[in-house]
Amino acid sequence: MPRIILLLLFSISAGVLSAQKMPVIDALKKGWVKVTIKGKGGHVGDVIEMIVSNISGKDLDLVLEAGHRLDSKDSTVQDILVNREEKFVLGSGKTKTVAVSGMCCQARKHSPAKESIFLVGQKADSLLVKMAKFIDEKKLHKSQAAQSGVWVVSDGNPMESIYDYSDTVATRLVTEYICKLLNKPMPNYRIRYAADSLSAFSNQPTHIEGKLTYYVPNTSVVTIAIYDKNGKVVKWFMKEQPVNPGEYNLGYEFNVSTLPHGKYYLRVRVDGALKKEVELQF
């Protein structure tokens, strides 16, 4: 092979190698950097400040990947899933402060406070990595729907908990993605939860919202209600109401804040016969 081609191939290969970025965790393991990580308060968006000092004696090309998990030093505080890739060059002897976007990934623990301390941690499990990269790709770094989705993957929260009433587009995108990721059917209702000053996720349902489609073939008497497991009505929508033939859509909202957790049933009865049932669980 001619010398000029060998030199060209070597140059291309060297260029590819030099373009490769080193994960911050690898640089830390090599003893090339010192890292301090603190919370800025909150659990969605730019919630982390990472200070990186280069002590390697050479310039470093670094990356903090979406899908990396930052471990809380306080066992009562949630870990943070990095949801935006951060690339940066750090000169020898230099220090850089990096704003890190992330979301909580331990729903039953407290929300990080300002100055909460985190360790560099490691890459999250494969499903959370996929979720983080999806959030980064769709630019949903500050989305409450995406945060709810992370908790579905990390903690097994119900699919119906994916909800942001102020952003229906993000709610749909996140729900469709996670249903595909976990091989789950699309939910036919949503659960809203109470706010909590200490925890990012309260696990206290306040409302159920959804749409119900039903068909009445003939002029009939229709009853629509929500029942508990014992068959007791906890909410009436229609009670023995005459209805003309046709297809109907009922948009419903139901306050569940005073009800115990468990299974409930939204039932449509036409002339006394059960025609449709939707199981509700919260």
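The values are calculated or read from the model by the stated rules, or taken from the named source; none is laboratory data. Note that the coordinates shown come from a computational prediction; the quantities given were computed from them, not determined experimentally. When we count neighbours, we look across all protein chains shown, and the Cβ atoms used for this are built from the backbone with ideal geometry, even at glycine. Heavy atoms of the whole protein, side chains included, go into the accessibility calculation; ligands, DNA and RNA do not. Shrake-Rupley method; radii C 1.70, N 1.55, O 1.52, S 1.80 Å.
Sub-7 Å Cβ pairs linking a first residue in segment 26-44 that is assigned to a helix (DSSP H, G or I) to a second residue that is surrounded by 16 or more Cβ atoms within 10 Å (Cβ to Cβ) and not small (Gly, Ala, Ser), at least 6 apart or interchain, are Ala27/Val33; Ala27/Leu60; Ala27/Leu62; Leu28/Val35; Leu28/Val120, ordered by first then second residue. Candidates are the residues of segment 136-151 that are in a helix (DSSP H, G or I) and out of contact with any Phe, Trp or Tyr (no Cβ under 9 Å at 6 or more places or on another chain); the one that is most open to solvent (accessible area, probe 1.4 Å) is Glu137. The number of residues in segment 36-59 that are among the aliphatic types (A, V, I, L, M), more than 18 Å from Ser148 (Cα to Cα) and surrounded by 22 or more Cβ atoms within 10 Å (Cβ to Cβ) comes to 3. Among residues of segment 223-237 that are more than 11 Å from Lys263 (Cβ to Cβ), those with a beta-carbon under 9 Å from a residue that is open to solvent by 20 Å² or more (accessible area, probe 1.4 Å) and outside any strand (DSSP E or B) at least six positions away or on a different chain give the pairs Thr223/Gly272; Val234/Asp228; Val234/Leu259.
If only one of Ser161, Ser202 is of a type outside the set (Asp, Glu) and at pLDDT below 95, which one is it?
Ser202
For segment 230-282, a residue qualifies if it is open to solvent by less than 90 Å² (accessible area, probe 1.4 Å), within 30 Å of Ser202 (Cβ to Cβ) and assigned to a loop (DSSP other than H, G, I, E, B), and the qualifying residues are Gly231, Val256, Ser257, Leu259, Pro260, Gly262, Phe282.
Counting only residues that are at pLDDT 95 or above and closer than 13 Å to Ile117 by Cα, segment 41-75 holds 11 of them. Within segment 198-211, can one find any residue that is among the hydroxyl-bearing types (Ser, Thr, Tyr), in a helix (DSSP H, G or I) and under 27 Å from Ile135 (Cα atoms)? No, segment 198-211 contains no residue that is among the hydroxyl-bearing types (Ser, Thr, Tyr), in a helix (DSSP H, G or I) and under 27 Å from Ile135 (Cα atoms).
Looking across segment 176-213, just one residue is touching a residue at least 40 places away in the same chain (Cβ under 8 Å), among the hydroxyl-bearing types (Ser, Thr, Tyr) and open to solvent by 40 Å² or more (accessible area, probe 1.4 Å), and that is Tyr177.
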